[in-house]
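Here is the structure we will look at.
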Amino acid sequence: MKEQFKRDVANGLAKKPKSLPSKYFYDKIGDALFVKIMNMPEYYPTTAEFEIFKSRGQEMIESMGLKPDSFFELIELGAGDGTKTKELLRVLLNGKFDFEYLPIDISSSSLDDLESSLSDEFPALQVRKKHGDYFNVLESLKENHLPKVILFLGSNIGNLTDEMSADFIYKIGSHLKPGDKLILGIDLIKSEELVIPAYDDPKGITRDFNLNLLTRMNNELGGGFDLSTFEHTAEYTAEEGVARSFLVSRVAQEIPIESIGKSFTFEKGERMQTEISRKYNDEILNNILKKTDFKIIKKLTDSRGYFADYILNRF
Ligand SMILES: C[S@@+](CC[C@H](N)C(=O)[O-])C[C@H]1O[C@@H](n2cnc3c(N)ncnc32)[C@H](O)[C@@H]1O
């Protein structure tokens, strides 16, 4: 993991414009900050998707055609704290469905926390956690031929460009059989007034989340970042439908990173992109799905129309 982190940082900081993959947000501090973000009043995606899972679990199950007497695997990519998934798990357990839940996450601490909260809340649930990058763990999905339902929630797909999303969804499909399902949670295009505060809140929780990437590079790679010389910004327009977060260098500076054995130059005002969060509509999603083996069988939205969970069938 550390070698990959080193390579990604060395590549990302040598690029123009500079960028870093958003998966590195999630260490123990990042996980805790993300839980705080999910609880912010400005962060509408969690409340909106939670509402869908809380109120429409039965509908989800019916539209997938799941039957209590046939075993399936419920596999979640980037499970996090599983708050929304637990709503679906409850309905499945109450309906006596026969399944195993496999949460995958790159953060071992959040997987451990999830495992222990699941054993408290759902002692009868069969759980097999998988630690790692879902791009790699996907490969091991092929191991058996059991029916599968994949969960990819929280608009995590939005961290990828449309081209990468199509490749990613295609790759998921290549590990599945016809009739398997994918539940894809995506954030819908909406106004700047609603989106910007979710990525740049007045209390500075999103700022701390973004700056924690610098702390991580300092602690894990021997970086020399002085956090006070960087600021957090977010930008988004409804026309483009992509929210981007940046760390901006307040001064011209050279930052050494010991384990890479190099220093990286930042101009005054130079931006390093740390996250993209794509927002979608049916047209954008359909264009992505054209390059995959999935078809939409159901779209479930929250009451405000902020977020959608699409049930996709692998054909
Ligand atoms: C934004 S959180 C969303 C959590 C949850 N899916 C939800 O909707 O609330 C993203 C989660 O995905 C995990 N994650 C991010 N990139 C990942 C990757 N490449 N492989 C595996 N897990 C990843 C993070 O550790 C984190 O728990």
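The values are calculated or read from the model by the stated rules, or taken from the named source; none is laboratory data. Computed from a prediction, not measured in an experiment: that's the story for all the values here. In this analysis, Cβ positions are derived from the backbone assuming ideal geometry, glycine residues included, and neighbour counts consider all displayed protein chains. Ligands, DNA and RNA are excluded from the accessible area calculation, which covers all protein heavy atoms including side chains. Shrake-Rupley method; radii C 1.70, N 1.55, O 1.52, S 1.80 Å.
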Please state the relative contact order of the chain as a whole percent: Cα pairs under 8 Å, 6+ residues apart?
22 percent
Over 24 Å between C-alpha atoms is what I'm after, so list which of 36/295; 18/262; 171/298; 23/290 land there.
36/295; 23/290
Computed accessible area, residue 15, all protein chains, 1.4 angstrom probe, square angstrom:
100 Å²
One finds, for residue 119 and residue 303 with R0 = 25 angstrom and r their Cβ-Cβ distance, a FRET efficiency to the nearest 0.05 of 0.15
Based on alpha-carbon centroids, what's the gap between the range 274-315 and the range 1-77 in Å, whole number please?
15 Å
Taking all protein chains as present, what is the carbon and sulfur share of the accessible area of the range 117-193, in % to the nearest whole number, probe 1.4 Å?
53 percent
Run the reach check for residue 16 against aspartates and glutamates, Cα to Cα strictly under 16 Å, same-chain hits fewer than 8 apart removed. What comes back?
8, 254, 267, 270, 275
Modelling each spin label as a point 7 Å along the Cα-to-Cβ direction, I'd like the residue 98/residue 315 distance in nm, to one decimal.
3.1 nm
What would the Debye formula give as log10 I(q)/I(0) at q = 0.19, 0.22, 0.28 Å⁻¹ for the alpha-carbon point model of the range 64-107, no solvent?
-0.60, -0.77, -1.07
Hey, rough spin-label estimate for residue 108 and residue 170, points 7 angstrom out along Cα→Cβ, what's it come to in nanometres?
3.4 nm
Using the alpha-carbon atoms, what tilt in degrees (0 to 90, nearest 10) does helix 108-121 show relative to the longest principal axis of the chain?
30 degrees
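Projected area of the range 203-283, taken from the Cα convex hull and averaged over every viewing direction, in nm²? Please report the intermediate quantities before stating the final value.
Numbers: hull surface 27.1 nm².
Mean projected area of the Cα convex hull: 6.8 nm².
Taking a ≥ b ≥ c as the square roots of the eigenvalues of the Cα gyration tensor of the chain, is the shape rounded (a/c under 1.5), prolate (a/b larger than b/c) or oblate?
Numbers: a/c = 1.84, a/b = 1.63, b/c = 1.13.
Since a/c reaches 1.5 and a/b is larger than b/c, the shape of the chain is classed as prolate.
Mind checking the dipole of the chain: about its Cα centre, +1 per Lys or Arg Cβ, -1 per Asp or Glu Cβ, Debye to the nearest 20? It would help to have the intermediate numbers written out before the result.
Working: 42 positive and 51 negative charges, 117 e Å.
Around 560 debye, computed over the chain.
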Computed over the chain: longest principal axis from alpha-carbon atoms vs helix 83-94 long axis, angle to nearest 10 degrees, is 10 degrees
Just to check, using Stokes-Einstein with a Kirkwood Rh over alpha carbon pairs, what's the diffusion coefficient of the range 104-257 at 25 °C and 0.890 mPa s in µm²/s?
130 µm²/s
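Only Cα pairs under 8 Å and at least 6 apart count here; give the relative contact order of the range 60-218 as a rounded whole percent.
On the way: 181 pairs, mean separation 35.1, N = 159.
With pairs under 8 Å counted, the relative contact order is 22 percent.
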Distance in nm between label sites at residue 254 and residue 189, each 7 Å beyond Cα in the beta-carbon direction?
4.6 nm
Among 174, 30, 106, pick out the residue whose Cα is farthest towards the positive end of the charge dipole of the chain, where Lys and Arg carry +1 and Asp and Glu carry -1 on C-beta, about the Cα centre.
174
Probe 1.4 Å, heavy atoms of protein chains only: per residue, the accessible area of the chain in Å² is 45 Å²
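Per-residue counts of other Cβ atoms within 10 Å, averaged by peptide: what ranking do you get for 177-183, 125-131, highest first?
Numbers: 177-183: 18.3, 125-131: 15.1.
For the peptides 177-183, 125-131, the packing ranking is 177-183, 125-131.
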If you stretched the chain out fully between residue 126 and residue 162, how much longer would it get, using 0.36 nm times the residue separation minus the C-alpha to C-alpha distance?
9.5 nm
Cα pair distances of the range 17-97 binned at 5 Å [whole percent]:
3, 12, 19, 20, 16, 12, 10, 6, 2, 1, 0
Rounded tilt (10° steps) of 44-64 against the dominant C-alpha axis of the chain:
30 degrees
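List the GluC sites (Glu not before Pro) within the range 184-276 that DSSP assigns to loop and that have no more than 15 neighbouring Cβ atoms inside 10 Å. Write down the numbers at each step before the final one.
Numbers: sites: 192, 193, 220, 231, 235, 239, 240, 254, 258, 267, 270, 275; in loops: 239, 240, 258, 267, 270.
Those satisfying the criteria are 239, 240, 258, 267.
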Let me spell out the model: positive unit charges on the Cβ of Lys and Arg, negative unit charges on the Cβ of Asp and Glu, origin at the Cα centre of the range 255-315. What dipole size does that give, in debye rounded to 20?
300 debye
With a cut-off of 15 Å, note down the residues of the range 1-23 whose backbone N falls inside the zone around a label point 7 Å from the Cα of residue 140 toward its beta carbon.
1
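Which value, in nm² and rounded to one decimal, describes the direction-averaged projected area of the C-alpha convex hull of the range 88-165? All intermediate terms of the calculation are to be shown ahead of the outcome.
Numbers: hull surface 24.6 nm².
Hull-based average projected area comes out at 6.1 nm².
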